[in-house]
Every structure is written in structure tokens, then in C-alpha cells.
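Here the structure is laid out as C-alpha cells; the discussion comes afterwards.
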Amino acid sequence: MFIHWFPGHMTKAIRMMQKEMSIVDSIIYVLDARAPFSCVNPAFDEIIGQKPILYVLNKADLVPKNELFKWQNYINNNHSKCITTNSTMKGGTKIFIKSLLEVNKEKLDRYAAKGVKKTIRAMVIGVPNCGKSTLINSLIGINRTVTGDKPGVTRGKQWVSIDKYIDLLDTPGTLYPDFSDQQKATNLALIGSINEEVVDTNEMASEILSFLFENYPDKLFEKYPITEISEKPLENLAIVAKRRGYILRGGEYDYERAAKAVVLDFRKQAFGKVILEKINNDDK
Ligand code: GDP
């Protein structure tokens with residue numbers, strides 16, 4: 001599968017992020033826990049520079065706990081502080097704030113030594129659909145305060161306060177303009193970060209069927225009677241079409257509809273909690 005995934009407006013988004021960076025103290029790097037590795041955008045590296053990062057493995061409710069904690073440990077040990085969240089639920093604010101202050105401790109201490117209580121301004125970044133807005137909304141709770149148009153802040157940018165001393169800036173979801181890693185592209189398509197229109201649904205469905213067969217065969221079998229994966233993708237989709245009764249007028253299977261159903265099944269967790277990218281703490 002070959003996916004082109006860099007719409008022009010993303011260049012604009014990256015520029016906006018670069019511009020805001022001078023007044024940003026810290027980064028909140030949101031990753032979809034189903035595919036954390038694919039959510040890492042090398043285009044962010046340059047922008048972030050040396051700013052302290054809090055990683056958020058969001059959509060934690062969608063993946064097996066043991067795999068989630070392996071990722072969390074790995075990021076904690078090799079990169080920076082990492083927390084896990086289910087942004088559709090309230091209640092994560094305390095740990096979020098504590099963790100953000102922790103990664104910014106050095107700066108806060110420096111200001112405190114001068115008798116100043118510094119407000120931390122953090123930019124929330126991540127690929128489209130990883131849950132940035134939902135996360136911010138869950139953190140704001142009922143105390144929503146829009147703090148845009150502060151001195152030094154680009155007009156029109158929506159900063160929100162989640163605490164007296166913490167302001168967050170949402171940014172447009174941004175992808176990496178690199179077509180070489182098609183596995184990443186497929187993962188991003190499956191988690192809904194790449195526009196459906198640029199993705200071949202048949203191939204995406206075939207990939208997820210093969211992946212589930214390899215990694216979660218029981219869960220796959222509970223849904224579709226697939227006991228082996230054919231090299232010919234349409235043969236796999238035929239099993240789905242048959243099970244679901246997706247037959248066209250002439251008696252042919254409706255592969256397109258079957259493919260869409262499989263992708264939707266994945267997104268609706270019909271196969272249970274599935275992680276697309278596992279990590280072994282030893283090997284990365
Ligand atoms: P953004 O593009 O990064 O701002 O993503 P959104 O905040 O718009 O979220 C995209 C979709 O993911 C929405 O349907 C959210 O309801 C859903 N979502 C966000 N966070 C979570 C989460 O932690 N768990 C689950 N299950 N869904 C989430």
C-alpha cells in the first residue's frame with residue numbers, strides 16, 4: 001500500500017508551532033497508545049529542541065494493560081516522563097499537573113529562587129485524532145478559561161488554563177512528510193490519523209486481518225471464521241463478506257463493504273483491546 005499523507009495545511013501548522021515556540025516552556029506529546037511509535041513525528045524534533053517533554057499515552061483504555069505499561073516504562077526510562085490517560089474520562093488532572101511540573105522542575109526552581117512563581121506554558125502536539133482536544137477538555141473540567149491574546153502570544157491562538165499556573169495551547173494535528181515507512185502509514189490510517197480518502201480500504205482491511213491472525217487469532221476467530229490467512233487479500237475479505245451476507249446482485253462478494261466493516265470493527269474494538277505496535281523494553 002502506498003499512502004501520500006502530507007496535506008499542505010500541515011506545513012502551515014508546523015510553521016505556526018515554530019512561531020509559538022519562543023514563548024512555550026514545555027511540550028505535551030500525545031501518542032495514541034495503539035500505535036505509539038507511528039505517532040512519533042520526526043518533524044517535531046527540530047521544533048521541540050531542548051524543551052522538557054511530558055509524553056501522554058492516550059487512549060489507554062483501548063489497549064491491553066501489560067503492553068501499555070511496557071511502553072510507559074520504555075518512554076520513562078529512555079526519553080522523558082510518560083503518563084497514560086483515557087481522556088474520555090474525567091479525573092486525570094492531578095497526576096497530569098504533577099507530572100508536568102515534574103518535567104519542568106529545573107525552570108520552576110530557578111524562578112522560585114528569585115521569588116517568582118512561574119506559569120508553565122505548554123504546547124500540546126500529536127498526530128491528528130490522537131485525542132489532543134479531548135485531553136485538554138478533560139483537563140479543563142468546569143474551570144474553563146480561555147487565555148488567548150496574552151502579551152507575547154500570537155493573537156487568535158487559544159490558550160487555556162487548567163490551573164492557576166498552567167496554560168495549554170492546542171495545535172493542529174500534524175503528520176510527517178515521509179512516504180517511505182508504509183507500515184507507519186497503515187497504522188496511522190487504522191487509528192484514523194490519515195484522511196480516509198487517501199487510503200485503500202481493501203488493503204487496510206487485509207493488513208488488519210493478517211495482523212490479528214498473527215497476534216490475536218482467538219479474537220479474530222470470535223468474529224470471523226478465519227483459520228488461515230490467504231496470500232490473496234480478497235480471499236480473506238470473502239470470508240468476512242460471506243459471514244456478514246455482503247453479496248452483490250450478481251452473486252459476487254461485496255469486498256468493498258466487507259473491507260469497510262473490518263476497519264470499523266477494529267476502530268469499534270470489536271476485536272477487543274488491540275495494540276498495533278508492541279515494545280519490548282529490552283530491544284529498543
Ligand atoms: P485530536 O485531533 O488529537 O484533537 O483528537 P480528538 O480530541 O478530536 O479525539 C479524536 C477521537 O478520539 C474522538 O472521537 C475522541 O472521543 C476519541 N478519544 C480521545 N481520547 C480518547 C481516549 O483516551 N480513549 C478513547 N477511547 N477515545 C478517545
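Exceedance of the 31 Å cut-off in Cα-Cα distance is limited, within the set K90/K118; K19/K273; K94/K273; K94/K219; K242/K268, to K19/K273; K94/K219. Angle of helix 65-78 to the longest C-alpha principal axis of the chain, folded into 0 to 90 degrees and rounded to 10: 40°. Against the criterion of solvent-accessible heavy-atom surface with a 1.4 angstrom probe, E207, E214, E277 sort, most first, into E214, E207, E277. Taking the C-alpha atoms only, the angle from helix 233-244 to the longest principal axis of the chain is near 80 degrees.
Based on DSSP H segments of at least four residues, each scored -39500 (n - 2.57), the chain has a per-residue ellipticity at 222 nm of -12500 deg cm²/dmol. K70 contributes about 60 Å² of solvent-accessible surface, heavy atoms of the protein only, 1.4 Å probe. Summing Lys and Arg as +1 and Asp and Glu as -1 over all other residues whose Cβ lies under 12 Å from the Cβ of S87 gives a net charge of +1.
Accessible-area rank, largest first, for E256, E46: E46, E256, with all protein chains present and a 1.4 angstrom probe.
All other residues whose Cβ lies under 9 angstrom from that of A35 are scored, Lys and Arg at +1 and Asp and Glu at -1, for a net of 0. Calculated on C-alpha atoms, the gyration radius of the chain divided by its Kirkwood radius gives an Rg/Rh of 1.03.
Using only alpha-carbon positions in segment 1-122, the gyration tensor eigenvalues give semi-axes of 26, 22, 12 Å once each is multiplied by 5 and square-rooted (largest first).
Probe radius 1.4 Å, ligands and nucleic acids ignored: give me the carbon and sulfur share of the accessible area of the chain as a rounded percent. Percent of accessible area from carbon and sulfur atoms in the chain: 50. Here the Karplus relation 6.51 cos²θ - 1.76 cosθ + 1.60, evaluated at θ = phi - 60°, turns the backbone of segment 274-279 into coupling constants of 10, 10, 7, 10, 8, 9 Hz, with x for every Gly and Pro.
Springs join every pair of Cα atoms under 10 Å in this Gaussian network model of the chain, and among L175, L100, L108 the largest mean-square fluctuation is at L108.
The values are calculated or read from the model by the stated rules, or taken from the named source; none is laboratory data. Note that the structure is a prediction, hence the values are computed from the model and not measured. Positions of Cβ are generated from backbone atoms using ideal geometry, with glycine treated the same way; all protein chains shown enter the neighbour counts. Surface accessibility is based on the protein's heavy atoms, side chains included, excluding ligands, DNA and RNA. Shrake-Rupley method; radii C 1.70, N 1.55, O 1.52, S 1.80 Å.
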